[in-house]
Amino acid sequence: MKVFIVHAHPEPKSFCTAMKSTAVEEFQRQGHEVQVSDLYSMGFQPVASAADFGERANPDYCVYALEQRHGAGNGTLSADIQAELDKLLWCDLLVLVFPVFWFSTPAMLKGWIDRVFVSGQVYGGKRVYDRGGLVGRRALVGFTLGGQEHMFGAEGIHGPLDGMLRHLLQGTLGYAGLEVLPPFVGWHIPYISEEARNGIMDDWKTRLQTIEGDVPLQFPSLSDYDDRLRPLATASQRASAGS
């Protein structure tokens, strides 16, 4: 299996960074090929701009997604984007490792997605969900946060965890066609004991060892929608319309 790990934490001594290193070691131990993009250490530029294109489809007005399509088709994407896109298209499994900032990804990781999930190759038009550009690949998200697990239940103060990260799990990874595995969460990391952190790391290793048995999250299928992406009528509605 080809594994691409994208890591986004500014502190090299963090627990999150240790999760990244553990993932590299574990996947290599299993005999898988691994590539890593450690975004902070490599100084990745996260800001999408017209400078991302060596040749413009429209030099006077930048519609970023359209310029992505043009750049990908003409081989004029900036070198750093092309290098990351090559890794993304190479992999069988994409692993994102990051700390949660404000119910979301760090800006560094969001910027990587903005620039590397290239329109026309990763998504675009009806190239979404089960027809997305990354169909046939899987994604695993492993993240840390300061909150405690009880804060994110149905009755928790912050609401369900899947709602907090819907923009990433469905709106980005699932939208692009990836089979998204249930995320791994390192709860309350800055405030727990070393023993507790070691237990979470052991759980992370176990998860990586048993990943083949993971059941992906369920997202929309385009077969349930018409050409304008409106829901198809249910069988009972069709029957009623014909009576």
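The values are calculated or read from the model by the stated rules, or taken from the named source; none is laboratory data. Being a predicted model, the structure only gives us computed values, none of them experimental. Heads up, the Cβs are rebuilt from the backbone with ideal geometry, glycines too, and the neighbour counts pull from every protein chain shown.
Any idea which of (1) surrounded by 20 or more Cβ atoms within 10 Å (Cβ to Cβ); (2) in contact with a Gly (Cβ under 7 Å, 6 or more places away or on another chain) is the one residue 69 doesn't satisfy?
Evaluating residue 69 over (1) surrounded by 20 or more Cβ atoms within 10 Å (Cβ to Cβ); (2) in contact with a Gly (Cβ under 7 Å, 6 or more places away or on another chain) leaves (1) as the failure.
Sort out which residues of the stretch 171-199 are closer than 20 Å to residue 131 by Cβ, among the hydroxyl-bearing types (Ser, Thr, Tyr) and not in a helix (DSSP H, G or I), and write them in order of number.
175
Can you name the residue in the stretch 134-170 that is charged (D, E, K, R) and part of a loop (DSSP other than H, G, I, E, B) and, of all such residues, is modelled with the highest pLDDT? Step through it out loud before you land on a result.
Here is the first cut: in the stretch 134-170, the residues charged (D, E, K, R) are 137-138, 149, 155, 162, 166.
Next, from what is left, pick out any that are part of a loop (DSSP other than H, G, I, E, B): 137, 155.
Details: 137: 98, 155: 87.
Result: 137.
Taking residue 67, is it in contact (Cβ under 8 Å) with a residue 12 or more places away in the chain, of a type in the set (Asp, Glu) and more than 20 Å from residue 181 (Cβ to Cβ)? Don't jump to the end; show me each part of the working.
Details: in contact (Cβ under 8 Å) with a residue 12 or more places away in the chain: yes; of a type in the set (Asp, Glu): yes; more than 20 Å from residue 181 (Cβ to Cβ): yes.
Considered against the rule, which asks whether it is in contact (Cβ under 8 Å) with a residue 12 or more places away in the chain, of a type in the set (Asp, Glu) and more than 20 Å from residue 181 (Cβ to Cβ), residue 67 comes out as yes.
Condition test on residue 88, is it part of a strand (DSSP E or B) and touching a strand residue (DSSP E or B) at 6+ places or on another chain (Cβ under 8 Å)? Full working, then the answer.
Values: part of a strand (DSSP E or B): no; touching a strand residue (DSSP E or B) at 6+ places or on another chain (Cβ under 8 Å): yes.
Criteria not met by residue 88.
Please determine, by comparing only the residues of the stretch 116-167 that are in contact with a strand residue (DSSP E or B) (Cβ under 6 Å, 6 or more places away or on another chain) and more than 26 Å from residue 206 (Cβ to Cβ), which one is surrounded by the most Cβ atoms within 10 Å (Cβ to Cβ).
Narrowing the stretch 116-167 to residues in contact with a strand residue (DSSP E or B) (Cβ under 6 Å, 6 or more places away or on another chain): 132-133, 138-144.
Those still in the list that are more than 26 Å from residue 206 (Cβ to Cβ) too: 132-133.
Values: 132: 23, 133: 21.
Among them, the one singled out is 132.
Scan the stretch 11-52 residue by residue and report those that are over 20 Å from the mean Cα position of the chain (by Cα) and among the hydroxyl-bearing types (Ser, Thr, Tyr).
14, 49
Taking the stretch 116-131 on its own, how many of its residues are in a helix (DSSP H, G or I), in contact (Cβ under 8 Å) with a residue 40 or more places away in the chain and not acidic (Asp, Glu)?
Of the residues in the stretch 116-131, the ones in a helix (DSSP H, G or I) are 116, 129-131.
Then keep just the ones that are in contact (Cβ under 8 Å) with a residue 40 or more places away in the chain; that gives 129-131.
Cutting the leftovers down to not acidic (Asp, Glu) gives us 129, 131.
Selection size over the stretch 116-131: 2.
Looking for whichever is at negative phi, modelled with pLDDT of 90 or more and surrounded by 13 or more Cβ atoms within 10 Å (Cβ to Cβ) here; the options are 214, 202. Which one fits? Please lay out each step first, then the result.
Values: 202 fails: surrounded by 13 or more Cβ atoms within 10 Å (Cβ to Cβ).
Result: 214 is the single residue among 214, 202 that is at negative phi, modelled with pLDDT of 90 or more and surrounded by 13 or more Cβ atoms within 10 Å (Cβ to Cβ).
Can you report the number of residues in the stretch 1-59 which are of a type in the set (D, E, K, R) and more than 19 Å from residue 101 (Cβ to Cβ)? If you could, list the steps in order and put the result at the bottom.
Here is the first cut: in the stretch 1-59, the ones of a type in the set (D, E, K, R) are 2, 11, 13, 20, 25-26, 29, 33, 38, 52, 55-56.
The next check asks that each one be more than 19 Å from residue 101 (Cβ to Cβ); those that pass are 2, 25-26, 29, 33, 52, 55-56.
Number of matching residues: 8.
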